[in-house]
Amino acid sequence: MRILRINMSEETPSAKFEELGDYEGLGGRALTSAIISKEVDPLCHPLSADNKFVIAGGLLSGTAAAMSGRISVGCKSPLTGGIKEANAGGQAAQVMGKLGIAAIVLEGKPKTDDTYKIFINKEGVKIEKDNSLKMLPNYDLVQKMKNQYGDKIACISIGPAGDMKMSAASVAITDMEGRPTRHCGRGGVGAVMGSKGVKVIVLDDTGTTPRQPKDPEAFKDANKRFVAGLQKHPVTGQGLPAYGTNVLTNIINEVGAYPTYNFKEGKFAGARKISGEVQADLEKQRGGNPTHGCHRGCVIRCSGIYHDKDGNYLTKQPEYETVWALGGNCGIDDIDKIAMMDFLCDNYGLDTIEMGATIGVAMEAGLIKWGDADGAINLLHEVGKGTYLGRIIGNGAAFTGKAFGVERVPVVKGQAIPAYDPRAVQGIGVTYATSPMGADHTAGYSIALNVLKTGGFVDPLKPEGQVELSRNLQIATAFIDSTGMCLFIAFALLDQPETNQALIDMINAFYGWNMKDSEVMEYGKKVLKFERDFNTRAGFTKQHDRLPRFFYKEPIPPHNVVFMVKDEELDQLFNW
Amino acid sequence: MRIIIKLFGGLKANRDFPQNEEGDIVLELSEPIAVGEIIETLNLNKKPFIVILNGVNLVDFSTKVKDRDEISLFPPIAGGYR
Ligand code: SF4
């Protein structure tokens, strides 16, 4: 496996392959964060030539391991000003792995305003100027690439939001059907790709074979045990396949942790209408599909295909956080309109969480009314078109809050807080406050224990035990994000030690390592250390590891609680 | 005493109970009984795993209900496993 470096500063951008060297043994988030932490000036402007844009598959990407299609992108974030790793499913990680590429690093920046496309196959790398791609939405762009390079490609691309270097711009990854539906959403990673002048990276694995393990028999055996464990566990074997992540709408709403009307209330009257149960039924009725993988090799298949009222493809099955952000958070309870917004965000290349939180702030400002789905759709079009208003919205909740003089802005380190209220679920508040990524539920998903009773139960309404919970989850997650595995395997890993062991055995068999469970935690800590270290050098202090003040002052109904974890305790999170 | 029971994640009661306009089960009880007993009475298609009483994740199923309590039930497929 090698690193492919592409220097975009040169008149004719050049590509060179190099060995992993010091980065040997790192994958996914570990690799992106190590490269950013070691090679990028933490004080650089995120959109400058000094920032780097790193794309990495995980340790097991491109192998026969189930669930190993996660891809990470990393850079200094224009949204948070700190280090960023955002990951997604889709086909690209597998293809990159099979091409023998551990990471693609885009460096420098073109001196002109030109747009480039990069084509990579087993013969090599072609970098071409193609200004006809500028401002194309993702679906049109990908179709154009398919017309040119054939249907078997995988694409990594940006939409107009990335072209315009907006802080809510995502990076799209094509799924099994070759649609740009899986997004490295958070932190404005699309803006950084846009600043490099790269619109799309087209990957073609024709003529390649999967990466081979050091010990094929042990690898096969571990993979079998791993898959059996995922199929046995009720969340990964039944719940996620049947309803997808949106099964959470009803649960989170019933426990009063569903932020509504820009975090004013913890319960939404319209929740049932936009729940996973309703969504799955609609998908079945209209000829979509509620049980579908986002990449080949996924055995959980939490994704799905959403059709419109006429039975035509509209978008992939919107995730819980998307349905919350663009739905309940804004008082919108029309699932078809939410699905339309999901499509628009994918097409324009926008983070659905940041957009939903931003529209919530815009509603708070009185720009449009609560519950106005058409108004919200219109705002997304403004972003896609790049009008002055669109450029405000497209830069996220903090920016929009400032532009319209709004006090209640739900962000940490500039990044919007997702779908779980940190007052009603105190553990997730600790993760939001302390994660080097800014507010990010996936960084330490305490909901598993605080609400879903997976791996144990920690009372969500009390501050006790939350720092330790978040710490352990953040460390374990940093490791999983480095393997290329989808984080949803964690439900089974938390409850079934034998499935956890199967994953470690699989990695050991692949690399010929002898990693123990305790070393897994050391690996995760190493990743977090890269990230914390970068942020410290970028100017972050412990005061940045806090929630916005209103979470400490305004009790949220129905539990009428505030965030109670003390600052001194938050400061202990990385003290392991 | 009247309590409301909400079923989610594909849970269904195996006999008919009176429902409110939301489609939730309305149970009239003459005396307070334990949440666990109520779950038994419902004779559900799957065993509920997450039991929420008035917005709080219930750990002790011997807790007795009060008038106007709301119980929300989810199968293990919707959440945890143990
Ligand atoms: S479980 Fe869902 S997100 Fe994870 S790999 Fe499968 S389809 Fe993708």
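The values are calculated or read from the model by the stated rules, or taken from the named source; none is laboratory data. No experiment lies behind these values; they were computed from the predicted model shown. Neighbour counts are summed over all protein chains in view; Cβ atoms, including those assigned to glycine, are modelled from backbone coordinates with ideal geometry. Remember, those area values only see protein heavy atoms, side chains included, never the ligands or the DNA or RNA. Shrake-Rupley method; radii C 1.70, N 1.55, O 1.52, S 1.80 Å.
Regarding A:Ser446, is this residue within 22 Å of A:Asp481 (Cα to Cα), within 14 Å of chain B (Cβ to nearest Cβ) and surrounded by 24 or more Cβ atoms within 10 Å (Cβ to Cβ)? For A:Ser446, the condition - within 22 Å of A:Asp481 (Cα to Cα), within 14 Å of chain B (Cβ to nearest Cβ) and surrounded by 24 or more Cβ atoms within 10 Å (Cβ to Cβ) - is met.
Hey, could you check region A:404-417 for residues that are at negative phi and surrounded by 24 or more Cβ atoms within 10 Å (Cβ to Cβ) and say which is farthest from the chain's Cα centre (by Cα)? First the steps, then the outcome.
Narrowing region A:404-417 to residues at negative phi: A:404, A:406-412, A:415-417.
Keeping just the survivors that are surrounded by 24 or more Cβ atoms within 10 Å (Cβ to Cβ) gives A:409-412, A:415-417.
Values: A:Val409: 21, A:Pro410: 18, A:Val411: 16, A:Val412: 16, A:Gln415: 13, A:Ala416: 13, A:Ile417: 13 Å.
The extreme case among them is A:Val409.
A Cβ distance below 7 Å, combined with a sequence gap of six or more or placement on separate chains, defines the contacts here; from region A:405-420, residues that are assigned to a loop (DSSP other than H, G, I, E, B) reach residues that are among the acidic types (Asp, Glu) in the pairs A:Val406/A:Glu364; A:Arg408/A:Glu364; A:Pro418/A:Glu321; A:Ala419/A:Glu321.
Listed here are the residues, each with its yes/no results for (1) open to solvent by less than 10 Å² (accessible area, probe 1.4 Å); (2) touching a Lys or Arg at 6+ places or on another chain (Cβ under 8 Å).
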residue	(1), (2)
A:Asp495	no, yes
A:Thr499	yes, yes
A:Phe510	no, yes
A:Asp533	no, no
A:Thr541	no, no
A:Leu547	yes, no
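Residues are listed down the side, and each one gets a yes or a no for (1) buried (at least 17 other Cβ atoms within 10 Å of the Cβ); (2) of a type outside the set (Ser, Thr, Tyr):
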residue: A:Gly304; (1), (2): yes, yes
residue: A:Thr315; (1), (2): yes, no
residue: A:Ile332; (1), (2): yes, yes
residue: A:Ala339; (1), (2): yes, yes
residue: A:Asp342; (1), (2): yes, yes
residue: A:Asn347; (1), (2): yes, yes
residue: A:Gly356; (1), (2): yes, yes
residue: A:Gly366; (1), (2): no, yes
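Scanning region A:450-469 for residues that are farther than 15 Å from A:Pro422 by Cβ, open to solvent by 30 Å² or more (accessible area, probe 1.4 Å) and facing another protein chain (nearest Cβ under 8 Å) yields a single hit, A:Phe457.
Yes/no matrix, rows are residues, columns are (1) in contact (Cβ under 8 Å) with a residue 60 or more places away in the chain; (2) outside any loop (DSSP other than H, G, I, E, B); (3) within 14 Å of chain A (Cβ to nearest Cβ):
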residue	(1), (2), (3)
B:Gly9	yes, no, yes
B:Leu27	no, yes, no
B:Thr41	no, yes, no
B:Ser72	yes, yes, yes
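Identify the residue in region A:241-286 that is assigned to a loop (DSSP other than H, G, I, E, B) and closer than 15 Å to A:Asp336 by Cβ and, among all such residues, is nearest to the ligand (Cβ to nearest atom). Going through the qualifying residues, I end up with A:Ser275. Kindly indicate whether A:Gly288 is small (Gly, Ala, Ser), within 30 Å of A:Gly331 (Cβ to Cβ), open to solvent by 10 Å² or more (accessible area, probe 1.4 Å) and more than 13 Å from chain B (Cβ to nearest Cβ). Taking the combined requirement at face value, the residue satisfies it.
When each of A:Gly229, A:Gly297 is tested for being part of a loop (DSSP other than H, G, I, E, B), within 24 Å of A:Ser61 (Cβ to Cβ) and within 16 Å of the ligand (Cβ to nearest atom), the lone residue that passes is A:Gly297. For region A:60-94, the set of residues classified as within 15 Å of the ligand (Cβ to nearest atom) and either out of contact with any helix residue (DSSP H, G or I) (no Cβ under 9 Å at 6 or more places or on another chain) or among the basic types (Lys, Arg) (or both) consists of A:Arg70, A:Ala88, A:Gly89, A:Gly90, A:Gln91, A:Ala92, A:Gln94, listed by residue number. Would you check if A:Val361 is assigned to a helix (DSSP H, G or I), more than 25 Å from A:Ile173 (Cβ to Cβ) and either open to solvent by 10 Å² or more (accessible area, probe 1.4 Å) or not small (Gly, Ala, Ser) (or both)? So A:Val361 passes the test.
Checking each residue in region A:158-186 for being within 29 Å of A:Glu11 (Cα to Cα) and part of a helix (DSSP H, G or I) picks out A:Pro160, A:Ala161, A:Gly162, A:Asp163.
Tell me whether region A:31-52 contains one or more residues that are within 16 Å of the ligand (Cβ to nearest atom), at negative phi and of a type in the set (Gly, Ala, Ser). No, region A:31-52 has no match at all. The number of residues in region A:1-42 that are within 27 Å of A:Ala478 (Cα to Cα) and not in a strand (DSSP E or B) comes to 24.
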